Amino acid sequence: MQRINASIGFDRKLAAEDIAGSKAHATMLAAVGILTREDADAILGGLDRVADEIAQGTFVFKTELEDIHMNVEARLAELIGEPAGRLHTARSRNDQVATDFKLWVRGAFVRLDGDLKALQVALLDQAEAHADAVMPGFTHLQLAQPVTFGHHLLAYVEMFGRDRDRVLAGLARSDECPLGAAALAGSPFPIDRQATAKALGFARPTANSMDSVSDRDFALDYLASCAIAAVHVSRLAEELVLWTSDQFRFVKLPDAWTTGSSIMPQKRNPDAAELARGKTGRVLGALQALLVTLKGLPLTYSKDMQEDKEPVFETEETMALVLAAMTGMIRDLTPDRDALRTAAGKGYATATDLADWLVRELNLPFRKAHHVTGTLVKLAESKGVPLDQLTLGELKSVESGINQGVYSVLSIDASVGSRASYGGTSPERVRQAVIAARSRFL
């Protein structure tokens, strides 16, 4: 029973939050006259001593005391005696743990936002440096149209920007303090919940005592934010795995972010990217685990809710590691601009530009322009040349209205340069987008 019941093995992470909550509670109890000033001072001083012992590594965590709350309270009693027993007046471990955990998760939200921002900075720096580097854009992992390397990276800046929006929304939703809800029904003592909420940095106290002790939406918000961000990280990691392969050779990662083979000395493996991709499964699993834990619980508190912390703690560590690794890889990679350009020129990637030109200059219906372009692509394939090396006569043999002006859209540089609409891939538009993104996100 002691082994299954105890949580001190993991909830010791909440020590700082538990002490902060207790100090706010004791200060409030003294302010409303429930505690004498003398007892409150003894409690506050004792809690500072407990915090020092934990910081110095001399505090003895005891499994028989179950959790961080009882461990702190027991040590406080050893240090100051009877006044320690008055600290728990007008609160329960139910509202205490909800407060501690919410405080910790709020800090985790802030740390996650900072890590995502750092990754955005690395992406923006690379996008700015390579705004004009032409590369192939893909759909279905088949070559579609030329784009720029900077534009490609900016897509991830937007993804991580939405992740940060979710993080900040979750942080805002967690801005209510459960302390003072007691076990589930509130307290008969004349407590000041506004004061404790303010002391702990919350905007307001929670409005319903039953919801206060049973709510773990803030943890779900955090895990959901992490899960979606981890999927974005995994997509970027997958691209790095592809791009560093011999089949692509789009980018090179320094040795610091790769590993060698145990028997093949010529190989460097993108293990950091693969692990970032692989660890996404842990993060998705943590969200699922907590959802399942909570799905059948009646109001209010049940011991099942002790299972809320380990998935969150593990996810925070995983995301911090993965985002740091991804930021380092993006910061230190070197794109092979020649290989990118060569790949962009394959597969008749400017065919859409030809179809657009036929619509714009010859007023052909797009469906006819599409058919004409397809016929010209087959002609170029049969001759083994790119579209811009077909002669004007060969082009006119398929559509008589084609003139010399068509060659202005058949090169990959002309293609990317023409995509200057808002959100487009032209180098100038990419440079503008980098400036705008720095203003929006940084």
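The values are calculated or read from the model by the stated rules, or taken from the named source; none is laboratory data. Values in this document were obtained by computation on a predicted structure and should not be read as measured data. So basically every Cβ, Gly included, is an ideal-geometry build from the backbone, and we count neighbours across all protein chains shown. Ligands, DNA and RNA are stripped out before the accessible areas are found, and what is left, the full protein with its side chains, is counted by its heavy atoms. Shrake-Rupley method; radii C 1.70, N 1.55, O 1.52, S 1.80 Å.
Figures for the structure shown
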{"read-out": "Unique match (being more than 15 Å from the chain's Cα centre (by Cα) and either crowded, with 21+ Cβ neighbours inside 10 Å or under 21 Å from residue 317 (Cβ atoms) (or both)) among 207, 224, 181", "value": "181"}
{"read-out": "Hey, residue 73 open to solvent by 30 Å² or more (accessible area, probe 1.4 Å), closer than 22 Å to residue 306 by Cβ and either among the small types (Gly, Ala, Ser) or in contact with a Leu (Cβ under 9 Å, 6 or more places away or on another chain) (or both) or not", "value": "yes"}
{"read-out": "Subset of segment 239-255 [surrounded by 15 or more Cβ atoms within 10 Å (Cβ to Cβ), in contact (Cβ under 8 Å) with a residue 12 or more places away in the chain and not hydrophobic (A, V, I, L, M, F, W, C)]", "value": "244, 249, 252"}
{"read-out": "Residue satisfying all of: in segment 122-143; under 25 Å from the mean Cα position of the chain (by Cα) and open to solvent by less than 50 Å² (accessible area, probe 1.4 Å); nearest to residue 328 (Cα to Cα) among these", "value": "122"}
{"read-out": "Flag for residue 314 being under 30 Å from residue 257 (Cβ atoms), surrounded by fewer than 22 Cβ atoms within 10 Å (Cβ to Cβ) and among the acidic types (Asp, Glu)", "value": "yes"}
{"read-out": "Single residue of segment 1-32 satisfying the filter (touching a residue at least 40 places away in the same chain (Cβ under 8 Å) and over 38 Å from the mean Cα position of the chain (by Cα)) that is most open to solvent (accessible area, probe 1.4 Å)", "value": "31"}
{"read-out": "Residue among 381, 428, 394 that alone is within 16 Å of residue 134 (Cβ to Cβ) and part of a helix (DSSP H, G or I)", "value": "428"}
{"read-out": "Filtered residues of segment 339-357 (kept if part of a helix (DSSP H, G or I) and crowded, with 19+ Cβ neighbours inside 10 Å)", "value": "340, 343, 344, 351, 353, 354, 355, 357"}
{"read-out": "Residues (of a type in the set (D, E, K, R) and part of a loop (DSSP other than H, G, I, E, B)) located in segment 130-188", "value": "132, 175"}
{"read-out": "Pick from segment 397-419, criterion part of a loop (DSSP other than H, G, I, E, B) and in contact with a Ser or Thr (Cβ under 8 Å, 6 or more places away or on another chain), ranking: least open to solvent (accessible area, probe 1.4 Å)", "value": "410"}
{"read-out": "Enumeration of residues in segment 271-302 that are β-branched (Val, Ile, Thr) and either closer than 25 Å to residue 208 by Cα or open to solvent by 40 Å² or more (accessible area, probe 1.4 Å) (or both)", "value": "292, 293, 300"}
